[in-house]
1. For E236, all conditions in the list (1) closer than 21 Å to H203 by Cβ; (2) surrounded by 15 or more Cβ atoms within 10 Å (Cβ to Cβ) hold save one; what is the number of the exception?
2. Could you please give the count of residues in region 179-195 that are among the basic types (K, R) and either buried (at least 20 other Cβ atoms within 10 Å of the Cβ) or assigned to a strand (DSSP E or B) (or both)?
3. Only one of I242, I176 is part of a strand (DSSP E or B), outside the structural domain of M41 (by TED's automatic domain parsing) and either buried (at least 21 other Cβ atoms within 10 Å of the Cβ) or free of Cβ contacts under 8 Å to residues at least 40 places away in the same chain (or both); which?
4. Given the criteria farther than 20 Å from L278 by Cα, in contact with a helix residue (DSSP H, G or I) (Cβ under 7 Å, 6 or more places away or on another chain), assigned to a loop (DSSP other than H, G, I, E, B) and not basic (K, R), does G151 qualify?
5. Going by what's in this entry, would E237 be described as of a type in the set (D, E, K, R), modelled with pLDDT of 95 or more and closer than 23 Å to M41 by Cα?
6. In contact with a Ser or Thr (Cβ under 6 Å, 6 or more places away or on another chain) and of a type in the set (D, E, K, R): does that describe R213?
7. Within region 196-233, take every residue that is part of a loop (DSSP other than H, G, I, E, B) and among the basic types (K, R) and give me the one that is surrounded by the fewest Cβ atoms within 10 Å (Cβ to Cβ).
8. Determine, yes or no, whether M137 is under 15 Å from P201 (Cα atoms) and surrounded by fewer than 24 Cβ atoms within 10 Å (Cβ to Cβ).
Amino acid sequence: MPGLFFDDYETPVYRPPSEAESFILRVTRGCAHNHCTYCNMYRGVQFEKLTDEEIMRQIAMAYSVDRDGVRRVFLADGDALVLETERLLKILNTLKKYFPNLERVASYAAPGDILRKSVEELTQLREAGLQILYYGMESGDSQTLRDIRKGVDGPQSIEVGKRVRAAGMQLSIMIILGIAGVPGSERHALATAKAINEIKPTHLSALSLMLYRGSELKDQFERGEFTPLTPAGLMEELKVIIEHLDLPETEHMIFRSNHVSNYIRLAATLPRDKDQLLADIDESIAYLKKQKHWDIYNHDWSKF
């Protein structure tokens, strides 16, 4: 079933690649935080929580179009969990009532929103059908998180992940290669590996830094205040992260680097495939060092 979307408000809609066939149910517009220096997704979009009537209109339209075909729902926009737990439970229960074949509900997870919810609240949400959260941790390093104005430090970013996992939810963590620039690369990589070891997410995605027009980080780069990694340098940073992962053999963490930002697509199940993944990364580094024509940092990525 192709994805469904019924909110006609003219603001951008984003969702993870794995939610391509989901019913995208908008429960908020924009991002309540909206201060991250690397992001221009919701610049100029005034944050708002949609009313019950607006949410029900979307659900009713999806019901009329494909009642039996809706198996997955993604709650948008950037941080749907900013809604009060009671409202989220009401939405989840309504979705179960309207869509008999519903298998799971997913959402992005902003760190501040998770820290405002207890494990008990998250468990309630999981039992009501919210089974997977996509958490843009970006880095486990406090200095990097401060620099990009994520709103949390390293220990808090780890607490976010632990809280989600303690509630029994699947957790897909996204990290950004190159987010600390050249000077902070090793610090960022080591702290991020440590955070992943502590959290033990079910999924891990490595994105590569993209300097979007309209973002503060792009402005810093143009003023000469931020030195980005080369494509090969991004893979060298990933190698440090993977080398320092120390997950129990009983863990099965799905790793992907298949975002539009990535030069090389990689896939593995960790820790089982760690040696092969490192070999693939080494091969990628050698290949990228031969490519002299790619210049991601002067390209206009605003269309993505």
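1. (1)
2. 0
3. Exactly one of I242, I176 is part of a strand (DSSP E or B), outside the structural domain of M41 (by TED's automatic domain parsing) and either buried (at least 21 other Cβ atoms within 10 Å of the Cβ) or free of Cβ contacts under 8 Å to residues at least 40 places away in the same chain (or both), namely I176.
4. On the way: farther than 20 Å from L278 by Cα: yes; in contact with a helix residue (DSSP H, G or I) (Cβ under 7 Å, 6 or more places away or on another chain): yes; assigned to a loop (DSSP other than H, G, I, E, B): yes; not basic (K, R): yes.
Yes, satisfied.
5. no
6. Here the answer is yes, as R213 does meet what is asked.
7. We begin by selecting, within region 196-233, every residue part of a loop (DSSP other than H, G, I, E, B); these are 200-202, 209-215, 223-230.
Filter again for among the basic types (K, R), leaving 200, 213, 223.
Working: K200: 16, R213: 12, R223: 8.
Restricting to residues being part of a loop (DSSP other than H, G, I, E, B) and among the basic types (K, R), the top hit is R223.
8. Judged against the criteria, M137 is not a match.
The values are calculated or read from the model by the stated rules, or taken from the named source; none is laboratory data. From a predicted model like this one, the values you see are computed outputs, not experimental measurements. Every residue, glycine as well, gets a Cβ built from its backbone with ideal geometry; the counts of neighbours run over all protein chains shown.
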